[in-house]
Amino acid sequence: MSGRTRTIRVETLARVEGEGALTIKLHGDRVTDVKLRIFEPPRFFEAFLKGRHYSEAADITARICGICPIAYQMSALHAMERALGIRIDPAVRLLRRLFYCGEWIESHALHVYMLHAPDFLGYPDAIQMARDHRAVVEQGLRLKKIGNRIVRLLGGREIHPVSAAVGGFYKTPAKSVLRELEEDLQWATEASLATVKLVAGFEFPDFEQDYEFVALAHPEEYPFNEGRLVSSRGLNIDAAEYEDHFVEQHVKHSHALHSVVRGRGSYLVGPLARFNLNFDRLPALAREAAHTAGLAPPVKNPFRSIVVRAVELVFACVEALRVVREYEPPAAPRATAAPRSGVGQAITEAPRGILYHRYALDENGLILTAKIVPPTSQNQKRIEDDLREFAAQVAAWPLEEATWKCEQAIRNYDPCISCATHFLRVNVERE
Amino acid sequence: MECRIIGCGNAARGDDAAGLLVARRLREWGVDTLEHSGEGLALMESWRGHDAVIVIDAVVTGGTPGAVTVWDGRKAPVIQDRRRNSTHAFGVAEAVELARVLGRLPPRLSIYGIEGRRFDLGSAPSPEVSAAAERLAQRLFRY
């Protein structure tokens, strides 16, 4: 084997030709080069936002991603509220947590069941898995549908929801409307527990890395919209300090930018980071499920992220149930404030990890500058680092198998390439 | 006949908006249509309970930009080399095939693909695709 040069190449990782690909060069069992191109930063949207009114940012940025539009809305709204000095009603805060639960349930159910589980059960995709594991797939579909239902209820529309506004919501639901979700959420909680059990039984490659985990941390809650940004190497900052500690570097082989912790290097955001840094703030049911699944922080094997996502499903269902039971409508759907010049930064926890927004506003409330750093941008360098280590482990395998394993290593991060485009790429014989 | 018309795509990605353009045009003429991101599982939900469904999406087959291809979703698989397409996203083709396995295809399903050529973030739909969307909207309106 040694002395032979081989290349692992995955050309169709992305939906946009020429934009997304993975190339790993091997010399014998040694990895000589890893190039990953999966994610284009939303520079177009940053430019597009200039000159727009602050109230438009949430709906515009929601269009960046079809899977996690609420994350974009939430980071945009919180940043604007900070720039304008708006304090939101506690009932609004509660509703936003429910909104985010809906998105996590949708996104995690999609990834765990449809995109990641087939890797572990030995199928090329969920369609072929469905032939043999119909009940599993049906369970995933129903879970995802419940997430959709929450989002639709609070967002008005499932895709690119429109009802969240700076200061609150354009319209808030009646108590009885939320209570209608209770039965679904009770089922979803049970299904999530079953999900943890299912995925905990998978076999995981023996692969651990010494990550710097980065996530929000809140004193009492598992984080969604609020908290300090902390890391496993001692970082503890406010969102306003984000750009002092994290930098984006241009990479030759990609349109993408690589985010690094200043002076240190790559870092990991997403379920593993949240779990490891906030384990004691998970509800008891989720902690027990993790314990039974053999998970204890720090989890350093990225392949186990599927189990952590399942634990987060339990959390999202338990939290959603709490909200629908405790919710009392706010006196007013939203708080307002006069426009003023200023800067606002916010970080929220998208399903894939932290999402940073910064806006500078002029005295009329028009956007002067916008900066958006999505979670996949931040994980991109870390995925390359994983592949550099992991490819060496599978270098001696037949090329097709090694390639598949490397794709799995990328899927551990649930990278947001699905939001690029959704066109069909087809091979057909024309008549 | 009750027919659900669903246009899929991303309005911020050039020709990826093809399906949305058709859905919007038809709505201007009073036809009830749905605009959809094309996320597969939600798509399966959106056609549930409908006897006849038309899905319009941008496609890349290597053909002429603006060319329209029609598939009978009940008959042949839309994608042949599924391994190539399934790396991450779960889109229209995956929705059709999963629905086939689970017995959730609508009794009648037509998929109209408009061949796209540019999908850059922030680009406008190409003239070929805009024209094709207009023609397809007229065709579906008469239908």
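The values are calculated or read from the model by the stated rules, or taken from the named source; none is laboratory data. Please read these numbers as outputs of a predicted model, since none were measured by experiment. Cβ atoms come from the backbone with ideal geometry, glycine included; neighbour counts cover every protein chain shown.
Listed here are the residues, each with its yes/no results for (1) more than 25 Å from A:GLN408 (Cα to Cα); (2) free of Cβ contacts under 8 Å to residues at least 40 places away in the same chain; (3) in contact with an Asp or Glu (Cβ under 6 Å, 6 or more places away or on another chain).
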position	(1), (2), (3)
A:VAL199	no, no, no
A:PHE202	no, no, no
A:ARG228	yes, yes, no
A:VAL260	no, no, no
A:TYR267	no, no, yes
A:VAL299	no, yes, no
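Looking only at residues in region B:1-58 that are of a type in the set (Lys, Arg) and within 11 Å of chain A (Cβ to nearest Cβ), the one that is farthest from B:ALA124 (Cα to Cα) is B:ARG48.
Among the residues of this structure, A:TYR211 counts as one that is under 23 Å from the mean Cα position of the chain (by Cα) and hydroxyl-bearing (Ser, Thr, Tyr). In region A:92-99, the condition of being in contact with a strand residue (DSSP E or B) (Cβ under 9 Å, 6 or more places away or on another chain) and within 14 Å of chain B (Cβ to nearest Cβ) is met by no residue.
Can you find a residue that is closer than 17 Å to B:ARG135 by Cα, in contact (Cβ under 8 Å) with a residue 60 or more places away in the chain, out of contact with any Pro (no Cβ under 9 Å at 6 or more places or on another chain) and aliphatic (A, V, I, L, M) anywhere in region B:34-55? Yes. Of the residues A:LEU36, A:LEU77, the single one that is buried (at least 24 other Cβ atoms within 10 Å of the Cβ), within 14 Å of chain B (Cβ to nearest Cβ) and in contact (Cβ under 8 Å) with a residue 40 or more places away in the chain is A:LEU36. Tell me which residues, restricted to region A:224-234, are within 18 Å of the chain's Cα centre (by Cα) and in a loop (DSSP other than H, G, I, E, B). Result: A:PHE224, A:ASN225, A:GLU226, A:GLY227. Scanning region A:31-57 for residues that are within 19 Å of the chain's Cα centre (by Cα) and at pLDDT 95 or above turns up nothing. In this structure, does A:GLN128 turn out to be more than 7 Å from chain B (Cβ to nearest Cβ), over 14 Å from A:ASP414 (Cα atoms), touching a residue at least 24 places away in the same chain (Cβ under 8 Å) and polar (S, T, N, Q)? Considered against the rule, which asks whether it is more than 7 Å from chain B (Cβ to nearest Cβ), over 14 Å from A:ASP414 (Cα atoms), touching a residue at least 24 places away in the same chain (Cβ under 8 Å) and polar (S, T, N, Q), A:GLN128 comes out as no.
When you scan region A:153-172, do you find a residue that is part of a helix (DSSP H, G or I), within 21 Å of A:ARG352 (Cα to Cα), in the same structural domain as A:GLY342 (by TED's automatic domain parsing) and not aliphatic (A, V, I, L, M), even just one? Within region A:153-172, one or more residues are part of a helix (DSSP H, G or I), within 21 Å of A:ARG352 (Cα to Cα), in the same structural domain as A:GLY342 (by TED's automatic domain parsing) and not aliphatic (A, V, I, L, M).
Would region A:211-223 turn up any residue that is over 23 Å from A:PRO375 (Cβ atoms), acidic (Asp, Glu), in contact (Cβ under 8 Å) with a residue 12 or more places away in the chain and part of a helix (DSSP H, G or I)? No, region A:211-223 contains no residue that is over 23 Å from A:PRO375 (Cβ atoms), acidic (Asp, Glu), in contact (Cβ under 8 Å) with a residue 12 or more places away in the chain and part of a helix (DSSP H, G or I). Consider region A:57-68 and keep the residues that are touching a residue at least 60 places away in the same chain (Cβ under 8 Å) and either in contact with a Ser or Thr (Cβ under 8 Å, 6 or more places away or on another chain) or farther than 15 Å from B:GLU39 by Cβ (or both). The one that is nearest to the other protein chains (Cβ to nearest Cβ) is A:GLY66.
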